[in-house]
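*Asks:* Below you'll find the structure I mean.
Derivation of every value follows stated rules applied to the coordinates shown; laboratory data play no part. Owing to the predicted nature of the structure, the values given are computational and were not obtained by experimental measurement. Every residue, glycine as well, gets a Cβ built from its backbone with ideal geometry; the counts of neighbours run over all protein chains shown.
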Amino acid sequence: MTALLEVRNLYASVGDKPILKGINLSLNAGEVHAIMGPNGSGKSTMSYVLAGRDGYEITGGDVLINGDSVLELSPDERARAGMFLAFQYPVELPGVGGMSFLRAAVNARRLEAGENEVDQLAFVKMVRAKAGELGISDDMLKRAVNVGFSGGEKKRYEILQMALLEPSIGILDETDSGLDVDALKIVSDGVNMLRAPERTMLVITHYQRLLNHIVPDHVHILADGKIRKSGGKELALEVEESGYAGIDDAA
């Protein structure tokens, strides 16, 4: 079976500094994988490289979606191909209306899939239905993208984007960063709502607490640019008890 997302011996640098030093991952449809690791291990770099962000040079290896390399694709082309990245620190877009932003993104995905665009009235109904499930108010939808949002609101807004875009690959880069307990549960519930047989998710986190809410099928420990250990959800508990030093030493 061809993996939905496959990372083959991936090396990447920022300037002259090597960050990723041979990453191998295979994510099948229906699976949730978690990447854990200490600060500076390369977790966020990996998410940016997968999404095609500028400033990160791939020096070896490949990234494939459904068996096809995406290294030559721009970030927007990767997004239209089904990849979604939720940022650790979502940016504000002053002057860009939330509803216009969401509709433009959804219609770009639909056109890529050979489907008709959604008209304004139908789209408003669609957004309100999804927003209600995530505790997002009409007031938030009327604002510019992320402007004036709390940390928790920004993360919920990203999960709303993912719910509307229905990507085949969801990458969550430390989406629990800065969230209180209530916001964490709301965001986690939104992610769990999107788990589906046709979708895979890569959850990148520093702490095990997120994985109490989003229970992964596979856990990988990343340290110094390499995956040091892989296992089931119990590996996250092992990290909680012994820390990353014990895992790295054992590897």
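*Asks:* How do the pairs read when you match residues in region 115-135 that are free of Cβ contacts under 8 Å to residues at least 24 places away in the same chain with residues anywhere that are hydrophobic (A, V, I, L, M, F, W, C), using Cβ under 8 Å and keeping only pairs 6 or more apart or on different chains?
*Replies:* Glu117/Leu111; Val118/Val106; Val118/Met126; Arg128/Leu141
*Asks:* For Glu240, indicate whether it is within 30 Å of Asn107 (Cα to Cα) and outside any loop (DSSP other than H, G, I, E, B).
*Replies:* No; evaluated as a whole, the condition is false for this residue.
*Asks:* Mind listing whichever residues of region 4-63 are of a type in the set (Lys, Arg) and within 24 Å of Arg80 (Cα to Cα)?
*Replies:* As a first pass, look at region 4-63 and keep what is of a type in the set (Lys, Arg): 8, 17, 21, 43, 53.
Of everything in region 4-63, those that are of a type in the set (Lys, Arg) and within 24 Å of Arg80 (Cα to Cα) turn out to be Arg8, Lys43, Arg53.
*Asks:* Looking at (1) out of contact with any strand residue (DSSP E or B) (no Cβ under 6 Å at 6 or more places or on another chain); (2) buried (at least 19 other Cβ atoms within 10 Å of the Cβ); (3) charged (D, E, K, R), which is the one condition that is false for Glu158?
*Replies:* Here Glu158 meets the rest and fails (1).
*Asks:* Within region 71-79, is even one residue part of a strand (DSSP E or B), charged (D, E, K, R) and without any contact (Cβ under 8 Å) to a residue 12 or more places away in the chain?
*Replies:* no
*Asks:* Turning to a different aspect of this structure: Would you tally the residues in region 41-75 being hydroxyl-bearing (Ser, Thr, Tyr) and surrounded by 14 or more Cβ atoms within 10 Å (Cβ to Cβ)?
*Replies:* Looking only at that region, the number is 6.
*Asks:* Test Arg109 against the stated conditions and say whether it is within 28 Å of Asn66 (Cβ to Cβ), in contact with a strand residue (DSSP E or B) (Cβ under 8 Å, 6 or more places away or on another chain) and basic (Lys, Arg).
*Replies:* Numbers: within 28 Å of Asn66 (Cβ to Cβ): yes; in contact with a strand residue (DSSP E or B) (Cβ under 8 Å, 6 or more places away or on another chain): no; basic (Lys, Arg): yes.
No, not satisfied.
*Asks:* Which condition breaks for Pro167 when tested against (1) under 17 Å from Gly135 (Cα atoms); (2) under 15 Å from the mean Cα position of the chain (by Cα); (3) not charged (D, E, K, R)?
*Replies:* Of (1) under 17 Å from Gly135 (Cα atoms); (2) under 15 Å from the mean Cα position of the chain (by Cα); (3) not charged (D, E, K, R), only one is false for Pro167: (1).
*Asks:* Quick one: which helices (runs of 4 or more DSSP H) sit completely within region 135-233 and have at least 3 residues that are over 17 Å from Phe101 (Cα atoms)?
*Replies:* 181-193, 210-213
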